[in-house]
Amino acid sequence: MARTPFFEIHKRYNAKIVEFAGFEMPIEYSGITDEHMTVRNSVGVFDVSHMGEIWVKGPNALAFIQKVTTNDASAIHPGQAQYSCFPNGKGGIVDDLLVYHFGPEKYLLVVNASNIQKDWNWLVTQNDLDVILENASDRISQLAVQGPKAIEVLQRLTEIDLSSVRYYTFTTGSIAGVDDVIISATGYTGAGGFELYFYNEFADKLWDAIFDSGKEEGIKPIGLGARDTLRLEMGYCLYGNDIDDTTSPIEAGLAWITKFTETKDFIDKQLFLSQKRAGVTRKLKGFEMIDRGIPRHGYEITDAEGSVIGIVTSGTHSPVLTKGIGMGYVPTEFSQVGTEIFISVRNKRLKAKIVNMPFIAN
């Protein structure tokens, strides 16, 4: 299995290490709930160096991205980022990703760790526009410094005015004496903060500087367990759970990143457009438990008579709401807010209800 440049640091912090997407990654340090609330109330640091980074360069870079993604990349200017997905030509999703616009002929695609090779192969097969593709995943590390006090911690380490780095924008500059760090505000927690991209050789230096700067705020390392509970409270999709090669963005509530402008033609455009116009038979919806219980991925969703109507795609105990929450695909007739459903938990049918997402205020 692969390891990120921070592996020895995780061991030093006595992290619980698990296999994730082919990497040995920290799932928790002090406990998922403690880490979750640290990010919601103060500041925590995630090692997300397992994520993939693919450069797209050349005169046709934008045209290529317009073809292979659902969102309209022509709408973002240099210094802006965009959430999007790769349609797979069969009505499903290859992966969801972030698109960073660096210049007229230069974009960075940040993809999920479990899909790096899959995404790379897909992009190569679709490259009929002679763009330059560069898989930089093995050379780039990433730390997500998340929480309401993240800006205070990082501002001490840079002359860049971090308050000017608005949500879904980014800049490049020096942090803690390390040059050419990409500083992005595209967090996966809903708690505010920044993502830092830098070359592997600066991993220890940046980690130490950030933790020295954050002592006053009680900064803590955060594992993937809390990353999952944080993103679920915000209703953010996780590839492999909530979206995959069998789910369309229209079904998944991602019509907002699926743009049908006249000037943009993309893979599966007509199929998704027909789904938007005619409607879909199932929708990804959020639910809260009414009865006491924790929904988990793979649990059955039933109606009042016990007939199976869906499967839980993501589920957890919300540390903020102190109740079970989850997501799953249900038939359209069960998708209205307030609709009563049941979750099969250990041979018991527990009552839940459909709610709007995010589950908590941002």
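In this entry, residue 233 is excluded by the filter for residues that are more than 12 Å from the chain's Cα centre (by Cα), surrounded by fewer than 22 Cβ atoms within 10 Å (Cβ to Cβ) and charged (D, E, K, R).
Against the test of being over 28 Å from residue 236 (Cα atoms), among the small types (Gly, Ala, Ser), out of contact with any Pro (no Cβ under 6 Å at 6 or more places or on another chain) and modelled with pLDDT of 95 or more, the options 174, 164, 137 yield a single qualifying residue, 174. Scanning segment 302-326 for residues that are touching a helix residue (DSSP H, G or I) at 6+ places or on another chain (Cβ under 7 Å), in a strand (DSSP E or B) and not hydroxyl-bearing (Ser, Thr, Tyr) turns up 309, 325. Selection of segment 278-301 for residues being more than 16 Å from residue 358 (Cβ to Cβ), in contact with a Ser or Thr (Cβ under 6 Å, 6 or more places away or on another chain) and part of a strand (DSSP E or B) yields 283, 300. Just to be sure I understand, how many residues within segment 1-33 are free of Cβ contacts under 8 Å to residues at least 24 places away in the same chain and outside any strand (DSSP E or B)? Residues in segment 1-33 being free of Cβ contacts under 8 Å to residues at least 24 places away in the same chain and outside any strand (DSSP E or B): 8 in total. Within segment 134-150, the residues that satisfy the criterion of being outside any strand (DSSP E or B) and within 30 Å of residue 123 (Cα to Cα) are 136, 137, 138, 139. Please count how many residues of segment 217-230 are within 12 Å of the chain's Cα centre (by Cα) and of a type in the set (D, E, K, R). The qualifying residues number 2. A residue that is of a type in the set (D, E, K, R), at pLDDT 95 or above, farther than 29 Å from residue 20 by Cα and touching a Lys or Arg at 6+ places or on another chain (Cβ under 6 Å) occurs nowhere in segment 60-69.
Is it true that some residue in segment 251-266 is out of contact with any Pro (no Cβ under 9 Å at 6 or more places or on another chain), assigned to a loop (DSSP other than H, G, I, E, B) and without any contact (Cβ under 8 Å) to a residue 12 or more places away in the chain? Checked segment 251-266: at least one residue is out of contact with any Pro (no Cβ under 9 Å at 6 or more places or on another chain), assigned to a loop (DSSP other than H, G, I, E, B) and without any contact (Cβ under 8 Å) to a residue 12 or more places away in the chain. Scanning segment 314-350 for residues that are surrounded by 15 or more Cβ atoms within 10 Å (Cβ to Cβ), of a type outside the set (Phe, Trp, Tyr) and either out of contact with any Asp or Glu (no Cβ under 6 Å at 6 or more places or on another chain) or over 12 Å from residue 283 (Cβ atoms) (or both) yields a total of 21. In segment 76-88, what residues are over 16 Å from residue 255 (Cβ atoms) and out of contact with any Phe, Trp or Tyr (no Cβ under 9 Å at 6 or more places or on another chain)? Correct list: 77 only.
If you check residue 341 against the conditions, is it assigned to a strand (DSSP E or B) and more than 20 Å from residue 228 (Cβ to Cβ)? Yes, satisfied.
The values are calculated or read from the model by the stated rules, or taken from the named source; none is laboratory data. Please read these numbers as outputs of a predicted model, since none were measured by experiment. Note: ideal-geometry Cβ built from the backbone for every residue, glycine included; neighbour counts use all protein chains shown.
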